[in-house]
Amino acid sequence: MQGFAGFMWLLSMALILFSGFALIDAAVRREDAYRAADKKTKPFWLIILGLAFVVNLIFNILSFLPIIGLIATIVYMVDVRPAIKGLPGGGRSRRGSSSDGPYGPYNGGR
């Protein structure tokens, strides 16, 4: 019985890490990338993935709620994330300097 409990604990930890990674990945993507990829909004995915992460932390893996959270996380990882990464810039937040223009940094006409 200890072997099964150990396996379930490892599976639970893997599920928590998987949903945590998806939540962090969704948080670092740009808001407009979700609209450009014709997916739901960024707050929608942050709420869904945040709930999945919290449910995985609280409930036992044999419950049905972590399974629902796993399905939501899988949908994000196989559908939304590749669509956003396929956009120019990969959907990542950019922190450029104040002199950056639409085509790159402004160099003063040099």
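The values are calculated or read from the model by the stated rules, or taken from the named source; none is laboratory data. Please read these numbers as outputs of a predicted model, since none were measured by experiment. All Cβ positions, glycine included, derive from the backbone under ideal geometry; neighbour counts span all protein chains shown. SASA here: full protein model, heavy atoms, side chains in, ligands and nucleic acids out. Shrake-Rupley method; radii C 1.70, N 1.55, O 1.52, S 1.80 Å.
Note down all Cβ pairs under 7 Å where the first residue falls in region 1-16 and is without any contact (Cβ under 8 Å) to a residue 60 or more places away in the chain, the second is of a type in the set (A, V, I, L, M), and they're at least six residues apart or on different chains.
From residues that are without any contact (Cβ under 8 Å) to a residue 60 or more places away in the chain, the pairs are M8/I61; L11/I61; S12/I61; L15/I61; L15/L70; I16/L57.
Residue under question is R35, and the condition is that it be within 29 Å of W9 (Cα to Cα) and in a helix (DSSP H, G or I); does it hold? Spell out the reasoning first.
Details: within 29 Å of W9 (Cα to Cα): no; in a helix (DSSP H, G or I): yes.
Here the answer is no, as R35 does not meet what is asked.
Of the conditions (1) at pLDDT below 95; (2) closer than 30 Å to G89 by Cα, W9 clears all except one; give me its number.
Single failed check for W9: (2).
List every residue pair whose Cβ atoms lie under 8 Å apart, where the two residues are 6 or more positions apart in sequence or sit on different chains, the first residue falls within region 38-53 and is exposed (fewer than 13 other Cβ atoms within 10 Å of the Cβ), and the second residue, located anywhere, is acidic (D, E).
T41/E31
Suppose we keep only residues that are closer than 30 Å to F4 by Cα and at pLDDT below 85 within region 61-105. Which one would you say is least open to solvent (accessible area, probe 1.4 Å)?
Filtering region 61-105 for residues closer than 30 Å to F4 by Cα gives 61-78.
Of the ones still in play, those that are also at pLDDT below 85 are 61-62.
Values: I61: 22, L62: 124 Å².
Only one residue fits best here, namely I61.
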